[in-house]
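The structure appears below as structure tokens.
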Amino acid sequence: MSAAESRAACDAAGPDTAFIAVDLGATSGRVMLGVLQPGATVAAPDEARVELVECGRFPNGPAPHDGGLRWDVDALWRGIVAGLREAASVAAGRGLEVRGIGVDSWAVDHGLLDDGGALLARPWCYRDPRTDAARERVYARIPFAEHYAVNGLQDLPFTSVFQFVAGATGTGGPDTADPGHTSTAVAKAAAVAKGAAVAETAEWSRAAQVLLVPDLITYRLTGRRVAEVTNASTTGLLDVRTRTWSDAYIARLVTAFPELGDLRARLPELVEPGTAVGHLLPEVREATGLAGVPVFAVASHDTASAVAATPLPAAAQRLSGPATSTPLPPLTTTVARRDEPVQDGVAPGPGEGPTPGETAAYISSGTWSLVGLELDEPVLSEASREANFTNELGIDGTVRYLRNVMGLWILDECVRQWSQEDGRPVDLPALLEEAAREPGGRCLVEVDGEEFLAPGDMPGRVRAAMGRQRPPAVAESRPATARVVLDSLAAAYARVVRQAGELAGVRVTAIHVVGGGSRNELLNRLTAEASGLPVHAGPVEATALGNILVQARAAGALTGPAGAPATLSGLRATVRASTDLRGYEPRRPVS
């Protein structure tokens, strides 16, 4: 529903409650107004429904600045303020009381504040290559196994701890001692990198505090500096078992890299999702037209908010303890062709849940896909570390045990290339219909291969990967290429879900797909076939919905029996009531 349509839909029943979600992504940001629908009572949260109204959308993306890729936080702030102003207007027009604001964003990136609380420079982007050398230096002094035993994080080159080391030591850029780096272009790049490194170390030396991106925006809204735990768990500095900063690990890191200085003193107070951080500052009230609205720490890692709004059963209780899963074989899953339509399934009801040792997996599906399980404790085994699974924190004491899988990026890049070639946008629904008629299972490519990471001529790279199959069995048509990509993605999902269950010692009985990718019906049913598990698709707007629900519970607008705060199960009952879910059943279920 648009903001204009929302104004026209004023409710004659009287004032209702609303909350505002500021949802920041790596390519765009938006402001969503979440309205608790009339008839939803605080005594019966199972009957509550949330209507989402988009009140602002604005572009985002890193750009070259001061020697590297950085985020323009001031531009983000202008978009946020404009969206909040529109949300205030919509709420006033509908007679809604705005009772909270929450901010979520991508992970690991951060801003540095000086002694006076001013931002020293634009935050660096995780895609900047300056952390590559920092990661190697860190692992040379503190092995990966020792990191994993504390923070439970997968090996990624841009984890915050590597960014901190790069910032403090000036690590990054090409190695000019390499005899191969003699060209003028490389010399210029090295000079730029050296200048950026000098500037970055100067920024770190002046930094009094580090704030992750959503905490930085919350600080601008309220004047209070905190670190919300779901996003803080991606820094590498948190003990995943205690949900607190690991003083011992931080001290070890500073001993290895004295340039980090008083790193522990730069880290703010940790808070859990649902904490009331503060109220809007007077200047924000004046700029937006909002009153003294409270600002809540939500599950500020966008994936944590999305998982909070995934209609999963209760977090799995592991029966077998740390698993010693055998490594999975290379990708050989066959995806069966299925041309007939899939009947809509029924998602589990609010009262349904798994038996002990059973759970459902989730896929937060978009450009990237995050595939995993919600657990009540981390998995820190050697097998888990070798499989590069990550343990990130969720709401209500849960752990998001997952792996990153290349999502719809490959297909999106193919469509972008084809659109450029045609001079007009490709009809994606028609392409997917044709892809569904292609025979499936003839060819699978490794979607997580590094060859698919960069943009540019993605169809050519997919065809090259297809051509390495012997014998090549797929025509080079667009529908055939799209079918290979989706078959391969579904097979990758199935492998990661199976491996997650083995490593965690639980039996996975279903898969829930949320986010923009949940609208891809062909991918949903191919995932059901590849995994042998029922797939439940929706909500599309899981991140904004999770943001809103955490606020609503914290504000007392969603409660359980006897007025107690709604449980996580109760929040997910609201998700089911607010969302049209679709189900996809495999023809050959896993026994």
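Among GLY223, GLY261, which is the only one that is under 27 Å from GLU97 (Cα atoms) and open to solvent by 20 Å² or more (accessible area, probe 1.4 Å)? The unique qualifying residue is GLY223. When ALA256, ALA251, ALA208 are screened for being of a type in the set (A, V, I, L, M, F, W, C), over 22 Å from VAL150 (Cα atoms) and surrounded by fewer than 19 Cβ atoms within 10 Å (Cβ to Cβ), only ALA208 passes.
Within the option set ALA430, ALA475, ALA482, ALA436, being more than 29 Å from VAL379 (Cα to Cα) and at pLDDT below 95 holds for one residue only, ALA475. Residues in the stretch 471-510 that are surrounded by fewer than 24 Cβ atoms within 10 Å (Cβ to Cβ) and either free of Cβ contacts under 8 Å to residues at least 24 places away in the same chain or not in a helix (DSSP H, G or I) (or both): PRO471, PRO472, ALA473, VAL474, ALA475, GLU476, SER477, GLY505, ARG507, VAL508, THR509, ALA510. So in the stretch 352-375, with the set limited to residues that are over 22 Å from VAL447 (Cα atoms) and at pLDDT below 95, which one is surrounded by the most Cβ atoms within 10 Å (Cβ to Cβ)? Here the answer is THR359. The set of residues in the stretch 526-536 being within 28 Å of THR27 (Cα to Cα) and open to solvent by 10 Å² or more (accessible area, probe 1.4 Å) consists of HIS536 alone. Just one of the listed residues (ALA557, ALA542) is at pLDDT 95 or above and closer than 19 Å to LEU52 by Cα, namely ALA542. Cβ-Cβ contacts under 8 Å between residues 6 or more apart (or on different chains), taken from a first residue in the stretch 430-445 that is in a helix (DSSP H, G or I) to a second residue that is surrounded by fewer than 19 Cβ atoms within 10 Å (Cβ to Cβ) and among the basic types (Lys, Arg), are listed as LEU431/ARG478; GLU434/ARG478.
The one condition from (1) crowded, with 21+ Cβ neighbours inside 10 Å; (2) more than 30 Å from SER369 (Cα to Cα) that GLY278 does not meet is (1).
Summed over the stretch 399-411, the residues that are farther than 19 Å from GLU450 by Cα and open to solvent by 10 Å² or more (accessible area, probe 1.4 Å) give a count of 0. Among the residues of the stretch 417-429, those that are not in a loop (DSSP other than H, G, I, E, B) and not hydroxyl-bearing (Ser, Thr, Tyr) comprise GLN417, TRP418, GLN420, GLU421, ASP422, LEU428, PRO429. Condition check: at pLDDT 50 or above, open to solvent by 30 Å² or more (accessible area, probe 1.4 Å) and among the basic types (Lys, Arg). Does ARG337 satisfy that? Against the criterion (at pLDDT 50 or above, open to solvent by 30 Å² or more (accessible area, probe 1.4 Å) and among the basic types (Lys, Arg)), ARG337 does not qualify. Tally the residues that are surrounded by 15 or more Cβ atoms within 10 Å (Cβ to Cβ) and free of Cβ contacts under 8 Å to residues at least 24 places away in the same chain, restricting the search to the stretch 53-77. Residues flagged as surrounded by 15 or more Cβ atoms within 10 Å (Cβ to Cβ) and free of Cβ contacts under 8 Å to residues at least 24 places away in the same chain within the stretch 53-77 amount to 1. Within the stretch 225-276, the residues that satisfy the criterion of being small (Gly, Ala, Ser), assigned to a loop (DSSP other than H, G, I, E, B) and either touching a Ser or Thr at 6+ places or on another chain (Cβ under 8 Å) or without any contact (Cβ under 8 Å) to a residue 24 or more places away in the chain (or both) are GLY236, GLY261. Screening CYS414 with (1) closer than 30 Å to PRO313 by Cα; (2) open to solvent by less than 20 Å² (accessible area, probe 1.4 Å); (3) part of a helix (DSSP H, G or I); (4) of a type outside the set (S, T, N, Q) gives one miss only, at (1).
Residues checked against (1) under 23 Å from the mean Cα position of the chain (by Cα); (2) assigned to a helix (DSSP H, G or I); (3) without any contact (Cβ under 8 Å) to a residue 12 or more places away in the chain:
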position	(1), (2), (3)
ASP104	yes, no, no
GLY111	yes, no, no
GLY117	no, no, no
ARG122	yes, no, no
ARG135	yes, yes, no
VAL138	no, yes, no
PHE158	yes, no, no
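Tally up the residues in the stretch 557-576 that are buried (at least 17 other Cβ atoms within 10 Å of the Cβ) and assigned to a helix (DSSP H, G or I), please. The total comes to 9.
Looking only at residues in the stretch 2-38 that are among the polar types (S, T, N, Q), open to solvent by less than 60 Å² (accessible area, probe 1.4 Å) and under 30 Å from ALA63 (Cβ atoms), the one that is modelled with the highest pLDDT is SER28.
The values are calculated or read from the model by the stated rules, or taken from the named source; none is laboratory data. Here the structure is a predicted model, which is why all the values come from computation and not from measurement. Counting neighbours? That spans all protein chains shown, and the Cβs are built from the backbone with ideal geometry, glycine included. All accessible areas refer to the heavy atoms of the entire protein, side chains included, with ligands and DNA or RNA removed. Shrake-Rupley method; radii C 1.70, N 1.55, O 1.52, S 1.80 Å.
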